[in-house]
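Below: the structure, in C-alpha cells.
Coordinate-derived values only; no laboratory data. Computed from a prediction, not measured in an experiment: that's the story for all the values here. Don't worry about glycine lacking a Cβ; one is built from the backbone with ideal geometry, like all the others, and counts go over all protein chains shown.
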Amino acid sequence: MGQTERNESEQPNRRLSRMVALVPSVPEIRYLLARILIFPPTQKPFIMAWSVWRRRHQCAATFSHYKSRLKMQL
C-alpha cells in the first residue's frame, strides 16, 4: 500500500530537523561574539557549552510543543 502525499509530508526527517535546530541564529552568534570578545573573564568553553545546551533545549522544547499540539488535534 503506497503512502499518500499528505502522509509523506507529515513525517519530517528527524535528523534534518535536529541539525537545523542546532544551527545558531544571528542573535545567538552576536551574543557569543560579544561574550567572547567583550567579556573575556568567563571561560570560552563554558560559553560554547552553554550555547550548545541552549540550542538542544530549544529543540527539545519545540519538539514537545509540536507533539502536544498534535495530540490535541487527534
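Please give me the summed charge of the neighbours of ILE29: other residues whose Cβ is under 14 Å from its Cβ, Lys and Arg +1, Asp and Glu -1.
+3
Between the beta carbons of GLU28 and ARG69, assuming R0 = 22 Å, the FRET efficiency works out to 0.35 to the nearest 0.05. Each peptide in 63-72, 27-36 receives the mean, over its residues, of other Cβ atoms within 10 Å, and ordering these scores from highest gives 27-36, 63-72. Using θ = phi - 60° in the Karplus curve 6.51 cos²θ - 1.76 cosθ + 1.60, the 3J(HN,Hα) couplings for region 66-72 round to 5, 5, 5, 5, 5, 5, 5 Hz; x is entered for Gly and Pro.
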